[in-house]
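Report on one structure; see the data block that follows.
The values are calculated or read from the model by the stated rules, or taken from the named source; none is laboratory data. Everything quoted here is computed from the prediction, not taken from an experiment. With ideal geometry, Cβ positions are generated from the backbone for all residues, glycine too; neighbour counts draw on all protein chains shown. Heavy atoms of the whole protein, side chains included, go into the accessibility calculation; ligands, DNA and RNA do not. Shrake-Rupley method; radii C 1.70, N 1.55, O 1.52, S 1.80 Å.
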Amino acid sequence: MALANLNTLYNSDHALVMAGALMSVVPLIVVFLVGAWHFLREPAAGATKM
């Protein structure tokens, strides 16, 4: 079921639409945070070696 199917002409289940939107955004945020952590970890590790 797509998020667009939850909106009809006269009735919208806003709680269900927001739950679907949250479920579609959370994986993107997790991937971004993991990628940022790996990206920032490498320069920080190289800067502290002597």
Quick count over the range 1-23, residues being open to solvent by less than 70 Å² (accessible area, probe 1.4 Å), aliphatic (A, V, I, L, M) and modelled with pLDDT of 70 or more, is 3
Of (1) surrounded by 10 or more Cβ atoms within 10 Å (Cβ to Cβ); (2) at pLDDT 85 or above, Leu28 satisfies all except one. Which?
-> (1)
